[in-house]
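Working notes for the structure below.
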Amino acid sequence: MSSDKKAILEGPNKLKGAFEKELSLASLSVHADDYINNHQAVAPPMHVSTTFRYSDDPDKLVAWENLNPNAPYDSHVYSRDSAPNTTRFEAVLSSVIGAPCVTYASGLAAFHAMIVFLNPRRVAIGDGYHGCHGVLKIMSKLNGLEQLELEDEADLAKLRPGDVIHVETPLNPTGEARDLERYRRIADEKGCYLTVDATFAPPPLMDPFRFGVDVVMHSATKYFGGHSDMLSGVLAVRPDRAWGEGEGEGGKPAEGGWIHELKEERLHLGGVMGNMEGWLGVRSLRTLELRVRRQSESAQALVDFFAAEKSKGGDGLVADLVFKIQHASQQAEARDANSWLRRQMPNGFGPVFSIWLKTEEHARRLPSKLHLFHHATSLGGVESLIEWRAMTDPKIDRRLLRVSIGVEGWEDLRDDLLQGLQALKEELGN
Ligand SMILES: Cc1ncc(COP(=O)(O)O)c(C=O)c1O
């Protein structure tokens, strides 16, 4: 085997080979792309080039192949195919998700690419982010794809082999989880693919591949980006479906696997993320574990506090104004150590939850009374956000506020919410 070939095969595995154990998520987030780095700079450079010089040696010219012997993992042709910063972002993502990944310009671009690739005649989809339903509506217009209801037995009976069961868990906007083991059983019975939108529970909160999911998608705009400053989407492919058999050209993984085909289709559809976003993404992933654990723990402390206050009843502030709180931790299965929910989310129930206030008017007015929450859509950033969800979701109950917890001190967030409720009570009465 040539040294070039050997280097390509060893690259991503180099770090693994140096230790006789699995490295932690925190270590992988910082070092999984070290094998790509061919410069002395510790921080990654940002490359804005859309195109890359071919070899000066005419005998080395190979179509769509541009191997730089000094940087075998950082060799590119044109940035609609691959580029340095997004390649590094994909390398770290693949390592922390534990499955090969392809990135896209946004979460919805990733969802669209997944449906185009799997090309089902029917998709069973439940509640969750309305934008994914919007993509399916466009696909229905193009090719007659049928949208089925995930929780409807009659609809599930219509599924045929090659169709898709798409599950979002935890759900937007409530933060409640859905049972992936159950949907895997249904998918197996029907010969369907199981795809999961895991945006609300990035590593280390959930690993959908433990439950046999075929494709995991994320809006990387949320926790992978983590700073409310980049749009991106990710598809991660179940490892046994990712690559073709054997070894391909130049020692690279063989063609034929899903990753290769997804990249081919991305090259033609053009939904790649930008260089700047790739660079920001790598910067963000370095702190993924720190951020997500902290955000999930703080959300849990807040949900516990408000649930306890509400259950006290009487004429307390929270009992008076809060109608209900939704979060995976509030589902009955969260109290059973042997439940699917505890198996699925062993490291916390996620940083997003919903609070319903007693009237629409209360929900509309609370965000502007808060000092540590921005009233804005989206989630997953270091800054806490609250959204009167009626602002962007026309079908949602108008009493619902979605809360995304950032990295501030949770007691400060609690006090801010309490003072906001107090101000609301003084303004609107009970
Ligand atoms: C669960 C979920 N999936 C997908 C998306 C779409 O992601 P993007 O905005 O990156 O396209 C969102 C956005 O809010 C989301 O919450």
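Points to keep in mind about this one:
- Under the simplified labelling scheme, the Lys16-Leu290 pair shows an inter-label distance of 2.7 nm, with each label point 7 Å from Cα along Cα→Cβ.
- Candidate cross-link partners of Lys60 among the lysines, defined by an alpha-carbon separation under 28 Å and a same-chain spacing of 8 or more, comprise Lys5, Lys6, Lys14, Lys252, Lys263.
- A straight chain from Leu428 to Asn143 at 0.36 nm per residue would run longer than the Cα-Cα distance by 97.5 nm.
- D by Stokes-Einstein for the range 190-319, Kirkwood Rh over Cα pairs, 4 °C, 1.567 mPa s: 73 µm²/s.
- For the peptides 334-346, 116-128, residues were scored by their other Cβ atoms within 10 Å and the scores averaged per peptide; the highest-first order is 116-128, 334-346.
- Highest mobility in the GNM of the chain, judged by mean-square fluctuation with C-alpha springs under 10 Å and restricted to Glu189, Glu20, Glu408, is found for Glu20.
- Helix 84-97 and the longest principal axis of the Cα set of the chain meet at an angle near 60°.
- Relative to the dominant Cα principal axis of the chain, helix 410-428 is inclined by about 40°.
- Cα Rg over Rh - the range 85-244, Kirkwood: 0.94
- Set of the range 77-113 residues, backbone N closer than 15 Å to the point 7 Å along the Cα-Cβ line of Arg210: 97-99
- Full extension of the chain between Asp229 and Thr50 yields a length gain of 62.3 nm, computed as 0.36 nm times the residue separation minus the alpha carbon distance.
- Long-range Cα-Cα pairs in the chain (distance over 28 Å), rounded percent: 52
- Stokes-Einstein D (µm²/s) once Rh is taken as the Kirkwood radius of the range 289-428 over alpha-carbon pairs, at 20 °C in 1.002 mPa s: 140
- Angle in degrees between helix 107-118 and the longest Cα principal axis of the chain, rounded to the nearest 10: 60
- Value of [θ]222 nm, deg cm²/dmol, for the chain, DSSP H segments ≥ 4, -39500 (n - 2.57) each, nearest 500: -11000 deg cm²/dmol
Read the figures in this text as sums done on the coordinates, not as results from a lab. Being a predicted model, the structure only gives us computed values, none of them experimental. Backbone-built Cβ (ideal geometry, glycine too); neighbour counts: all protein chains shown.
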